There are 2 protein chains.
Amino acid sequence: MPLGQRAGDKGDSRYCGVEADFSDDMPHLLTHNLTGGFDFVLAPLVDPSYRPSLSTNNGSEGFALSVAASDLILSPAQWSSHVVGKISSWIDLDSDDEALRMDSETALKQEISWASHLSVQACLLPLPKKGVCGNYARCVNQILQGLTNMQLWLRLPLEKSSPTENESFDARYDSLHSGILNDSWEMWNSFRLLCEHHNQLCVALDIQSSLPSVDSLLRWFGEPVRAAIFHTHAFLTNARGYPCLSKRHQKLITAFFDFSFQIVISGTSVHKIPQERSDLSAGDNGSLGEGAPVRNELKPYLEYVAYLYQRMDPLSEQERFELNYRDFLQAPLQPLMDNLEAQTYETFEKDTVKYSQYQRAICKALTDKISDEQASLSKMVLMVVGAGRGPLVRASLQASEEAGRKVKVYAVEKNPNAVVTLHSLIKLEGWESVVTVISCDMRCWVAPEKADILVSELLGSFGDNELSPECLDGALRFLKPNGISIPSSYTSYLQPITTTKLYNDVKSHKDLAHMETAYVVKLHKIARLAPTQPVFTFVHPEISPNRSNQRYVKLRFEIPRDMGSTLVHGFAGYFDAVLYGDIHLSIEPSRPTPTMFSWFPIFFPLREPVYLPAGSHLNVEFWRCCAPAKVWYEWCVTSPTTTSVHNVNGRSYWVGL
Amino acid sequence: MPLGQRAGDKGDSRYCGVEADFSDDMPHLLTHNLTGGFDFVLAPLVDPSYRPSLSTNNGSEGFALSVAASDLILSPAQWSSHVVGKISSWIDLDSDDEALRMDSETALKQEISWASHLSVQACLLPLPKKGVCGNYARCVNQILQGLTNMQLWLRLPLEKSSPTENESFDARYDSLHSGILNDSWEMWNSFRLLCEHHNQLCVALDIQSSLPSVDSLLRWFGEPVRAAIFHTHAFLTNARGYPCLSKRHQKLITAFFDFSFQIVISGTSVHKIPQERSDLSAGDNGSLGEGAPVRNELKPYLEYVAYLYQRMDPLSEQERFELNYRDFLQAPLQPLMDNLEAQTYETFEKDTVKYSQYQRAICKALTDKISDEQASLSKMVLMVVGAGRGPLVRASLQASEEAGRKVKVYAVEKNPNAVVTLHSLIKLEGWESVVTVISCDMRCWVAPEKADILVSELLGSFGDNELSPECLDGALRFLKPNGISIPSSYTSYLQPITTTKLYNDVKSHKDLAHMETAYVVKLHKIARLAPTQPVFTFVHPEISPNRSNQRYVKLRFEIPRDMGSTLVHGFAGYFDAVLYGDIHLSIEPSRPTPTMFSWFPIFFPLREPVYLPAGSHLNVEFWRCCAPAKVWYEWCVTSPTTTSVHNVNGRSYWVGL
């Protein structure tokens, strides 16, 4: 039974599980927990006392695994929907005891093979016994090669002690490898690197009563965490005796819901629930007399989790729209080389916030240009370059009306299909006397007069990446010396992120080109490792004599020390544009234009993720390169390690002029 | 004129160059130096005062590069054989001055384009002005993509100051990136990583009068160093006033010769050569009167280098044989699945040292088994398993004769083609009464009696890699309980190495399989980063009840602190086998069996090279995995960084049973 109804929420976190001990009566175990309100059971599939080497019949013929009866006791649908297998926790593949190691390898392979036979969706791998567990990872990696659908969830505690401030290089590495690991993320990172980032290898986090720092928690949001196992002793007790969670835990679980982690309740009840409540609950089940199900003692914990789930704000319209785009890679547009389709214009024209910002900016520019006294005498020449189907023409005319300033508008558009729509709009609205449509590329138009104000919207997610600078350079020929460009400037921003999902998606193409391409993505399951930093700025009109649209920047990101070590999969890119004066369009995360949806961020991947030891900083270099027919970016990391320069000569990704 | 004749030496280091200043009379410059005895000139191709931004005609039409006249002044053969271009040293792509940076990029591209037009074989890139030179590397990387044959030699000083012993992690990284780099290897490493290990990017080392530690020098032998530029002030003066080198420099230059680095003399003469010698030299040139060439003032330095070259020991017969195999990847044999060819038997049978070791071992085993008193009464049953064309049968009979012990020999061989030769050998030698030929795989032979001594030679470069353990397990059925196996044990060894050449060769296949395969290689241009460590040991007969041929080992290599940072491209593998008692066969580098040539080392590559910061250690894990039809290795690095487990499930490389 899902935790509750939340409009638009299709995430896995609606389902809550419960951890159980081995039972030789699996149907009863399942019924007991499903009627108790849980959606699935996390339970061992094999008798925990089984040891391969002690098995009486270890010749291959007469052998039968010590499982809870046969696969027939549940239907295939029950196994796959309601059971997550729990691999025996005695397994220790990195033991110094060779016999135990051998037994562990045999048992692990047998248990996963059995779980796979049952078609359960996932198996929980026991917590590694040591920090670096090469043999465990090697064995899991071998198993992963043969798994078709099943996921393996590596169980890890959510913990991280703070490192000593001035730990030396050697001390840090030594502690890292002596098995006294104090950061479970390090354990995870080493495990997944050994397993080559396999996309069926995931994480289940054990949540205890104490939590590490917020920065260190954040790292997990970029990792493939599937479940958060809340132990009963992690709960507090409220005034009425019921379980509840601390404020920090509440905040965490809300984040988990948002990131689609599934909650699992584990342990025995440590709360004495008042009698009447218990009775009520038994009544709910509607069972009477002999064989009445025993009340599920963990139900109060489930009810509290459900309460937290239901308490969340509903998804906004924008969030619901964006839900299907979350962490989904899209190739950036090539608006200069390709003509946009009607559907694309349709979508973007709906972004009312964007056009109202333009209207405000144009209005302000008009009133700055012409004083109230001059209003009736002067007429401004306003050119909309890249007019599309006309939304900026409309914004211009509305601004003109709002400001009480007269304008003459040229609408320049290179896409002949859009020009058709533009003409009919003008006819429909009766703007023929004010607006002249020019079907021409702004870079080669011979304008009959010069403009006072140039209005354009040629911005990409990374500001200049759709070649706004090159287009406006072409249009500058027909701007008056003291003319205004709207936008007057724009700056791109970058920040390093952890994003296992996107990295695996990019890698799945198995070619270099995809690893060196920037993508437009609604970023969601990511960890932002540092505040953004400005990258390239373009100002219009740019009047310096040696102006060039090539750019080169070195960035240094400081990773918060209490975050611990991290892995950078690439960079999220954003822009902030100054339309005019203090009127911005921005998708920079610290000051986005509210409810504007025209731009998702851009994502620049790294071919190999870069490991950042705790307390280190990340040096990055970015280039914007220009050739006669194309513009492209190159990028690299130079510290703490050095990567290759990505996308050399724009071999994988470029924007055509 | 080469430095001298050394039988078999085909290396580039026979040719010596000279560094020269820009001259607008290139033919004269060349003649002057070639008649002076040098083989090539390292000289600027463009006037060093040229700056693109100051060029009067920087529109593209009227532009002409300030070069020393046209390409016609020398013949194409002269340009390509006798000139290495020297890129202007004012170039600084990482300057804070944007104008200088832009000029540098333009000039670098123009000069290399010009050099490429002239078909010179290489250009020398000026020393980076800063430790981390991202923009320089980015620009060179762009250029490299378009170069067909020409090499680019990055000029670097051969220097490394010792780091403070207990430098902290942060301090180390900070100093690394603040531009105050004290180890030119770091500069090189960062540069080549940015350029993605491009195989036309090489190194030219500037040799000064002081040298860094031996360990730190060694690192360069795994790098693509093409030239060592000896400055005249690096030379000492001998009693007669002539230039000479310190003992350390002499040793270094001899190593350079061995590794085919080309020597270049640079600078002005700082030695006053006595008059009579000078006259003699002029006489040699046989020039008289007007236009007589000016004596080359650097000739005494060249003569001293030639003297050092000629003083070297000639290449031994074995070295000459191995010359063509140096750093050449060979797929390991599959002797169990495939039958060897006659040519292969022919080659291996020539290894007399190997068979004399076998003969000694068998002789010793026979005398240990049978006392002198028993000699005439007893007859030992000796089985040669994997007899091939008979060399071990011969060794056995010679040992029997030498020891004065009687033997009955079974020669078991699975290759029916080799059995033909074996039969004719026995007939030819008249061994019919002593030797019985069995045409059968030892793993399934039903022996008519049991053996006292089992003789086999199933070893690969890594000991067990040709499945000697599995074969001998099969043969153990017919060994008497107190029987002897020759070899009685063998152990594999590993050591981390730097080997740019092999890494690039492996990578050139552009697939995963080649990156996870072990190769047999005559290792030459490598840097050995630590002493070898034992890996897997097999003992025969092995009588423990739970014996398995699976193995797992964790190794920790300590990299000498004074070596500085390094890059590991993979691991060199060797073996040491105990034939009997103290008689070994070994290719382990610290105690190889002299003049034995049957085995080259094995090379296990890493998919991505691992950077080792100075003073760090390297943790490696190796597995020997067994399945019914195949045996394979898996391997990974777990410190200082973690790699994926290579060759999971033997997907890329395995040996068939």
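The values are calculated or read from the model by the stated rules, or taken from the named source; none is laboratory data. These numbers come from a predicted model, not from an experiment. Note: ideal-geometry Cβ built from the backbone for every residue, glycine included; neighbour counts use all protein chains shown. These accessible areas exclude ligands, DNA and RNA; they are computed on the full protein's heavy atoms, side chains included. Shrake-Rupley method; radii C 1.70, N 1.55, O 1.52, S 1.80 Å.
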(message) Under 15 Å between alpha carbons, and skipping anything fewer than 8 positions from B:Lys507 in its own chain: which aspartates and glutamates qualify?
(response) A:Asp511, B:Glu196, B:Asp327, B:Glu516, B:Glu608
(request) Search the structure for amide H atoms under 5 Å from the amide H of B:Ser639, placed 1.01 Å from N in the peptide plane, and list their residues when 5 or more places away or on another chain. (result) B:Asn619
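Take the Cα pairs of the range B:323-464, get the Kirkwood Rh, then feed it into Stokes-Einstein at 37 °C and 0.692 mPa s and tell me D in µm²/s.
Values: Rh = 16.1 Å.
In µm²/s, the coefficient rounds to 204.
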(request) Give me the distance between the Cα centres of the range B:435-500 and the range A:182-247, rounded to whole Å. (result) 52 Å
(request) Treating the Cα atoms of the range B:515-590 as identical point scatterers in vacuum, please give the log10 of the normalised Debye intensity I(q)/I(0) at q = 0.12, 0.18, 0.28 Å⁻¹, two decimals. (result) -0.51, -1.02, -1.50
(request) At 7 Å along the Cα-to-beta-carbon direction for both A:Thr237 and B:Ala239, put a label point, then send me their distance in nm to one decimal. (result) 9.9 nm
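Kirkwood hydrodynamic radius, computed over distinct alpha-carbon pairs, for chain A: how many Å, to one decimal? Intermediate results must be reported in sequence, preceding the final value.
Working: mean 1/r = 0.0351 Å⁻¹.
Over chain A, the inverse of the mean reciprocal pair distance is 28.5 Å.
Assuming 0.36 nm per residue, please report the length gained on full extension of the stretch B:Val270 to B:Glu373 beyond their Cα-Cα distance. Mind dumping the intermediate values first?
On the way: separation 103, 0.36 × 103 = 37.08 nm, distance 7.88 nm.
So the extension gain works out to 29.2 nm.
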(request) Please report, in Å, the Rg and the Dmax of the range A:90-149, where both are computed over Cα atoms only. (result) 11.6, 34
(message) Net charge within 10 Å of A:Leu65 by Cβ-Cβ distance, Lys/Arg positive one each and Asp/Glu negative one each, not counting A:Leu65 itself?
(response) -2
(message) Taking a virtual spin label 7 Å from the Cα of B:Tyr325 along the C-beta vector, which residues in the range B:511-546 bring their backbone nitrogen under 11 Å of it?
(response) B:520-523
(request) Run the 1.4 Å probe and let me know the accessible area of B:Met150, rounded to the nearest 10 Å². (result) 10 Å²
(message) Please report the spacing between the Cα centers of the range A:567-592 and the range B:558-601 in Å, no decimals.
(response) 57 Å
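Place a +1 charge on the Cβ of each Lys and Arg in the protein assembly as shown and a -1 charge on the Cβ of each Asp and Glu, then give the dipole magnitude about the Cα centre in debye, rounded to the nearest 20. Before the final figure, lay out each step's value.
Working: 120 positive and 148 negative charges, 35 e Å.
Using only the charged Cβ atoms, the result is roughly 160 debye.
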(message) For A:Lys350, give me every one of the lysines with a C-alpha distance below 26 angstrom, ignoring sequence neighbours fewer than eight places off in its own chain.
(response) A:Lys10, A:Lys364, A:Lys408, A:Lys414, A:Lys427, A:Lys522
(message) Test of understanding: what is the full-extension gain from A:Asp71 to A:Val214, defined as 0.36 nm times their sequence separation minus their Cα-Cα distance?
(response) 47.1 nm
(message) Give me the tail of P(r) for the range A:335-418 as a percent: Cα-Cα pairs with distance above 16 Å.
(response) 54 percent
(message) With the label 7 angstrom out along Cα to Cβ, how close does A:Gly656 come to the same site in each of the other copies, in nm, nearest first?
(response) 4.9
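Could you work out how much longer the chain between B:Ala342 and B:Asp562 gets when fully extended? Use 0.36 nm per residue separation minus the Cα distance between them, nm to one decimal. Working shown, then result.
Working: separation 220, 0.36 × 220 = 79.20 nm, distance 4.91 nm.
The B:Ala342-B:Asp562 span can extend by a further 74.3 nm.
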(message) I want to check the label-to-label distance for B:Gln398 and A:His423. Put each point 7 Å from Cα in the C-beta direction and report it in nm to one decimal.
(response) 10.0 nm
(request) Compute log10 of I(q)/I(0) for the range B:489-656 with the Debye formula, placing one identical point scatterer on every Cα and leaving out solvent, at q = 0.15, 0.18 Å⁻¹, to two decimals. (result) -0.88, -1.24
(message) Taking a cut-off of 58 Å, what percent of all Cα-Cα pairs in the protein assembly as shown are separated by more than that?
(response) 34 percent
(request) Could you list which residues have their amide H under 5 Å from that of A:Leu236, counting only those 5 or more apart in sequence or on another chain, with H placed in the peptide plane? (result) A:Cys244, A:Leu245, A:Ser246
(request) Would you kindly work out, in nm and rounded to one decimal, the distances from the label point of A:Glu341 to those of the same position in each other copy, ordered shortest first, with label points 7 Å along Cα-to-Cβ? (result) 5.8
(request) Return the sequence-ordered ³J(HN,Hα) values of the range B:628-640 in whole Hz as given by the Karplus equation 6.51 cos²θ - 1.76 cosθ + 1.60 applied to θ = phi - 60°, using x for Gly and Pro. (result) x, 10, 7, 10, 8, 10, 10, 8, 7, 10, 10, 7, x
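State, in square angstrom and to the nearest 100, the accessible area buried between chains B and A, both chains counted, probe radius 1.4 Å. If you can, show how the numbers build up before the last one.
Details: alone 28580 and 28650 Å², together 53150 Å².
Approximately 4100 Å², summed over both chains.
If you scale each eigenvalue of the Cα gyration tensor by 5 and take the root, what three semi-axes come out for the range B:596-657, rounded to whole angstrom and sorted largest first?
Details: eigenvalues 128, 57, 17 Å².
Equivalent ellipsoid of the range B:596-657: 25, 17, 9 Å, largest first.
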(request) Using only C-alpha atoms and all pairs of different ones, pull out the Kirkwood radius for the range B:459-564 in Å with one decimal. (result) 16.7 Å
(request) Determine which aspartates and glutamates satisfy two conditions relative to B:Lys109: a Cα distance under 16 Å, and not lying fewer than 8 residues away in the same chain. (result) B:Asp47, B:Asp92, B:Asp94
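At a 1.4 Å probe, what is the % contribution of carbon and sulfur to the accessible area of chain B?
On the way: 13880 of 26540 Å².
Ligands and nucleic acids excluded, carbon and sulfur give 52 percent.
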(request) State, to one decimal in nm, how far the label point of B:Asp47 lies from the label point of A:Thr595, with both points 7 Å from Cα in the Cβ direction. (result) 6.7 nm
(request) Mind grabbing the accessible area of B:Ile73 for me, 1.4 Å probe, Å², rounded to tens? (result) 50 Å²
